[in-house]
Each structure stands twice: as structure tokens, then as C-alpha cells.
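The structure appears below as C-alpha cells.
The values are calculated or read from the model by the stated rules, or taken from the named source; none is laboratory data. Treat the numbers as computed from the prediction; the structure is a model and nothing was measured. In this analysis, Cβ positions are derived from the backbone assuming ideal geometry, glycine residues included, and neighbour counts consider all displayed protein chains.
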């Protein structure tokens, strides 16, 4: 009977630990260069084979024309991103949806903002923690 209780306790503890790990906002993922990666605010994307760690830090500004509105200009949103490589080199930069720069060169890599969602609407301005960025990472091929 005691061994059954211990087994159930261990299963419960393992379940709680797994649930906490899966709900961690700074998820670690192994990713491949040239793929588009969907990253939430505060989430770190790890590209292990390349030794890169890219974090979508925040949205500094979102003046995009809200869905359901008529605007003279499409507007722009500015995402703040940080990157670090295996050597310890790091950089912080902003990427824009409609203005330049839309991408950033970091060594042999180019990091581009392909999409930022959700888009504001006349009924809802996204909260800072609701944003999700699609980042595209490409590596320059040496000839």
C-alpha cells in the first residue's frame, strides 16, 4: 500500500513539473535556419546548430491602421529583438512591418520580421503580451 502511495506521489510530482515546464513563456526550441519561426513576446528561440539565441523582447510602437478603419497610411509596428551567438557576441535592434529596417544583419545571418500579429482593430488594441512575431533567419552561403 505504501509503495502505491509513493508511486502516485511521484506521478503527481512529475505531472506538475511537466505542466510548469510547458507553460514557461521563454520556451527553448531547436530550429533550423531559413524557416519562419513564430515567437511570442519574451520567448527565446534557440537555433542550436548555429549557436544562435534570438529573443522577441517587445513591441515598441504599433501605429498600424486598425482593421475596420479607413486610414491615409498603413502605419507601422516596431518589434524589439535581441540576438546572441555562441561566441558571446550580441546585439539589440528594431524591426519594422512597413518602414525600414525590416531585417538585421548579424554576422553571417539575416534576421527579418515577416509578420507581427495580432493586427490592431477598431475594437481592440493588442496588449503588450499578446504580440507574436514571425521571424525568418537566413545564413549567407560562402562561395
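Listed residues 37, 56; which is in contact with a strand residue (DSSP E or B) (Cβ under 6 Å, 6 or more places away or on another chain), within 14 Å of residue 111 (Cβ to Cβ) and at pLDDT below 95? So that I can check it myself, show each step before the final result.
Values: 56 fails: at pLDDT below 95.
Going through 37, 56 in turn, the sole match is 37.
Scan the range 7-27 and give yes if some residue there is out of contact with any helix residue (DSSP H, G or I) (no Cβ under 8 Å at 6 or more places or on another chain), surrounded by 12 or more Cβ atoms within 10 Å (Cβ to Cβ) and either at pLDDT below 95 or within 26 Å of residue 110 (Cβ to Cβ) (or both), otherwise no.
Looking only at the range 7-27, we keep the residues that are out of contact with any helix residue (DSSP H, G or I) (no Cβ under 8 Å at 6 or more places or on another chain), and these are 7-27.
Cutting the leftovers down to surrounded by 12 or more Cβ atoms within 10 Å (Cβ to Cβ) gives us 27.
This time we only want the ones that are either at pLDDT below 95 or within 26 Å of residue 110 (Cβ to Cβ) (or both), so: 27.
Checked against the condition, which is being out of contact with any helix residue (DSSP H, G or I) (no Cβ under 8 Å at 6 or more places or on another chain), surrounded by 12 or more Cβ atoms within 10 Å (Cβ to Cβ) and either at pLDDT below 95 or within 26 Å of residue 110 (Cβ to Cβ) (or both), the range 7-27 yields at least one hit.
Residue 69 versus (1) surrounded by 13 or more Cβ atoms within 10 Å (Cβ to Cβ); (2) in contact with a strand residue (DSSP E or B) (Cβ under 9 Å, 6 or more places away or on another chain): which is the lone unmet condition?
The number of the failed condition is (1).
Name, by its number, the condition in (1) modelled with pLDDT of 95 or more; (2) in a loop (DSSP other than H, G, I, E, B); (3) closer than 19 Å to residue 36 by Cα that does not hold for residue 134.
(2)
Every residue in the range 51-104 that is outside any strand (DSSP E or B) and under 17 Å from the mean Cα position of the chain (by Cα), please.
Residues of the range 51-104 outside any strand (DSSP E or B): 51, 63-66, 68-76, 85-89, 97-102.
Residues satisfying the conditions are 51, 85, 97, 102.
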